[in-house]
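Visitor: Please read through the structure below; I'll follow up with questions.
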Amino acid sequence: MRLSLRQKAIAVCDDKIAKKGEAVGLSFYAFFANKNDDPELLMEAATWWIETHKLDHFEKARKIKELIISSGN
């Protein structure tokens, strides 16, 4: 996962956790606006989420943040 997407995903996770608590869940769609203006980046996130890590549609934001930090890619 490219650095800019990693940074955005971590920021979204931090924001969701701050607003809704440690148990808040999200999907990779949370990293994007409600429009498909960058399909390549969306597919990159989907591939990381679905193929690489075999995650369910909704996962805990805390878990996603930890995966992003630990995987480094």
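Computed from the coordinates by the stated procedures, all read-outs in this text should not be read as laboratory data. From a predicted model like this one, the values you see are computed outputs, not experimental measurements. Neighbour counts run over all protein chains shown; Cβ positions are idealised from the backbone, glycine included.
Visitor: Out of residues 5 or more away from Gly25 or on other chains, whose amide H comes under 5 Å of its own, with H placed 1.01 Å from N in the peptide plane?
Guide: Ala61
Visitor: Assign unit charges at the C-beta atoms only (+1 for Lys and Arg, -1 for Asp and Glu), then state the dipole size of the chain relative to its Cα centre in Debye, rounded to the nearest 20.
Guide: Roughly 280 debye for the chain.
Visitor: Let me ask something else. Could you tell me which label, among [x] 11.3, 31; [y] 16.1, 53; [z] 12.6, 42, carries the value of Rg and Dmax of the Cα atoms in Å calculated for this structure?
Guide: Answer label, from the structure shown: [x].
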